[in-house]
Amino acid sequence: MTTELPVPPQESARPLLRPGSRIFVAGHRGLVGSAVARRLADDGHEVLTRGRDLLDLRDAARTETYLRDIRPDAVVLAAAKVGGIMANSTYPVQFLEDNLRIQLSVIAGAHAAGTERLLFLGSSCIYPRLAPQPIREESLLTGELEPTNEAYALAKIAGIVQTQSYRRQYGASYISAMPTNLYGPGDNFDLETSHVLPALIRRFHEAQRDGAPEVTLWGTGSPRREFLHVDDLAAACVRLLEAYDGDAPVNIGCGEDLTIRELAETVAEVTGYQGRIGWDTSKPDGTPRKLLDVSRLTSLGFKPQIPLRDGIARTYAWWLGQLAPTA
Ligand SMILES: NC(=O)c1ccc[n+]([C@@H]2O[C@H](COP(=O)([O-])OP(=O)(O)OC[C@H]3O[C@@H](n4cnc5c(N)ncnc54)[C@H](OP(=O)(O)O)[C@@H]3O)[C@@H](O)[C@H]2O)c1
């Protein structure tokens, strides 16, 4: 793996993304894809999309035909089968096979259609369970993965190697990025399947609405986590498309973490909840810390713009707007 080599960010002489490019965003209805599509459109690019109802991206032949028809200048691959620990442990076959199929269809299809530029989105779960913190890109494939999402992580690692292989064999400007935990408008607020931040927003909102005296959360509140607003992620993706043409994946994060307790207190404040926050310490905490090293991204001139508290307030306002008036 050349990811073990020091691969500095590279500014290319030729424009990697021309103004007014035609860009296919795969997964445009998802949290990430919708934010990337908004940002690209705001920047004056033409965003091309196709819903899953019309094109199942696991179908390689139909995906290639579609991409040959539209001949995009660039592709952003933000379509994936994603889920929490429960879904990953219950359906490892789908997490492995759906993601491998989507990646094979879209990356090979883009190459067949003559697409010059492609950004593949992975996830920080590709790194070894015990990777040194903050996690550098060079940690990839240096240790055992977290067993609960091994199938998903291995599919994503295959996607990274696929983009690297198209670079090496065909000279394609295909790159990959590994985002940290994301949140923002379009997030999933279903308590069965949501990530920690939207789950906290929902729980504190409902406790505030119902006048509940206490909200009890899992664990001790001491694990540290990093969160990035999805609009900052979208800006980082555009920056990479414009300026990065390297073999190694690039971490996308804000470079700062906080404890789950601090996060819960911030969400309580934003939602106006004034009751107690209890901790059920019989429940597991998970990894003590998960923070990405973002020096490679920072050296490309990217800096997140949305402070966590503001981002949470904006996400809360967005979700309230989605709710029925009685909720
Ligand atoms: N959310 C995070 O915190 C986070 C963090 C790090 C990395 N990422 C990465 O970002 C990427 C996108 O994640 P996300 O959070 O935006 O997920 P998401 O909200 O679930 O969106 C995934 C999108 O993929 C589409 N899709 C799934 N299977 C498809 C298929 N067979 N054919 C066509 N479309 C399909 C979905 O379509 P439907 O709308 O029809 O379901 C949806 O639009 C993933 O690679 C994920 O690993 C996310």
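The values are calculated or read from the model by the stated rules, or taken from the named source; none is laboratory data. The model shown is predicted, which means the values in this text are computed figures rather than measured ones. Using ideal geometry, Cβ is built from the backbone for each residue, glycine included, and neighbour counts are taken over all protein chains shown.
crowded, with 20+ Cβ neighbours inside 10 Å and over 27 Å from residue 293 (Cβ atoms), is that true of residue 160? No: the conditions fail for residue 160. Taking the conditions (1) within 15 Å of the ligand (Cβ to nearest atom); (2) over 14 Å from the mean Cα position of the chain (by Cα); (3) surrounded by fewer than 21 Cβ atoms within 10 Å (Cβ to Cβ); (4) not hydroxyl-bearing (Ser, Thr, Tyr) in turn, residue 116 satisfies each one other than (1).
Would the stretch 86-95 turn up any residue that is at negative phi, in a helix (DSSP H, G or I), out of contact with any helix residue (DSSP H, G or I) (no Cβ under 7 Å at 6 or more places or on another chain) and without any contact (Cβ under 8 Å) to a residue 12 or more places away in the chain? Write out each step before concluding.
Keep residues of the stretch 86-95 that are at negative phi, which gives 86-95.
Next cut, in a helix (DSSP H, G or I) only: 86-90, 92-95.
In the following step, the residues that additionally are out of contact with any helix residue (DSSP H, G or I) (no Cβ under 7 Å at 6 or more places or on another chain) were identified as 86-87, 90, 93-94.
Filter once more, keeping what is without any contact (Cβ under 8 Å) to a residue 12 or more places away in the chain: 90.
Yes: one or more hits.
Give the residue that is nearest to the ligand (Cβ to nearest atom), with candidates limited to residues of the stretch 119-147 that are hydrophobic (A, V, I, L, M, F, W, C) and in contact with a Gly (Cβ under 7 Å, 6 or more places away or on another chain).
Pass one, the stretch 119-147, residues hydrophobic (A, V, I, L, M, F, W, C): 119-121, 125-126, 130-131, 135, 140-141, 145.
Those left that are additionally in contact with a Gly (Cβ under 7 Å, 6 or more places away or on another chain): 120, 130-131.
Numbers: 120: 8, 130: 20, 131: 15 Å.
Taking the candidates together, the pick is 120.
Can you find even one residue in the stretch 162-175 that is under 26 Å from residue 229 (Cβ atoms) and under 14 Å from the mean Cα position of the chain (by Cα)? No, there is no match, as no residue in the stretch 162-175 is under 26 Å from residue 229 (Cβ atoms) and under 14 Å from the mean Cα position of the chain (by Cα).
Residues that are outside any helix (DSSP H, G or I) and of a type outside the set (A, V, I, L, M) within the stretch 69-85 comprise 71, 72, 73, 81, 83, 84, listed in sequence order. When the stretch 29-61 is filtered for residues that are away from the ligand (no atom under 13 Å from the Cβ) and among the charged types (D, E, K, R), the ones remaining, listed by number, are 39, 42, 43, 46.
The set of residues in the stretch 49-68 that are over 25 Å from residue 239 (Cβ atoms), polar (S, T, N, Q) and not in a helix (DSSP H, G or I) is empty.
Polar (S, T, N, Q), crowded, with 18+ Cβ neighbours inside 10 Å and either on the phi < 0 side of the Ramachandran plot or touching a Gly at 6+ places or on another chain (Cβ under 8 Å) (or both): which single residue out of 165, 176 fits that description?
Working: 165 fails: crowded, with 18+ Cβ neighbours inside 10 Å.
Checking each option against the conditions leaves just 176.
Mind checking whether some residue in the stretch 246-269 is polar (S, T, N, Q) and either surrounded by fewer than 17 Cβ atoms within 10 Å (Cβ to Cβ) or touching a Ser or Thr at 6+ places or on another chain (Cβ under 6 Å) (or both)? Reasoning before the result, please.
Going through the stretch 246-269, the residues polar (S, T, N, Q) turn out to be 251, 259, 266.
Remaining after also requiring either surrounded by fewer than 17 Cβ atoms within 10 Å (Cβ to Cβ) or touching a Ser or Thr at 6+ places or on another chain (Cβ under 6 Å) (or both): 259.
Checked the stretch 246-269: at least one residue is polar (S, T, N, Q) and either surrounded by fewer than 17 Cβ atoms within 10 Å (Cβ to Cβ) or touching a Ser or Thr at 6+ places or on another chain (Cβ under 6 Å) (or both).
Contact annotation: no residue pair with Cβ atoms under 9 Å, 6 or more positions apart or on different chains, pairs a residue in the stretch 105-116 that is in contact (Cβ under 8 Å) with a residue 60 or more places away in the chain and not assigned by TED's automatic domain parsing to the domain that holds residue 74 with a partner that is among the polar types (S, T, N, Q) and part of a helix (DSSP H, G or I). The set of residues from the stretch 288-327 being within 14 Å of residue 231 (Cβ to Cβ), among the β-branched types (Val, Ile, Thr) and over 18 Å from the mean Cα position of the chain (by Cα) is empty. Among the residues making up the stretch 214-235, those that are within 23 Å of residue 133 (Cα to Cα) and of a type in the set (S, T, N, Q) are 220, 222. Taking the criterion of being away from the ligand (no atom under 14 Å from the Cβ) and either under 14 Å from the mean Cα position of the chain (by Cα) or farther than 27 Å from residue 243 by Cβ (or both), the residues of the stretch 148-161 that qualify are 148, 150. Checked against the criterion of being of a type in the set (D, E, K, R) and under 22 Å from residue 177 (Cα atoms), the candidates 214, 226, 206 yield just one match: 226. Considering the stretch 70-103, and only residues there that are more than 14 Å from the ligand (Cβ to nearest atom) and charged (D, E, K, R), the residue that is surrounded by the fewest Cβ atoms within 10 Å (Cβ to Cβ) turns out to be 71.
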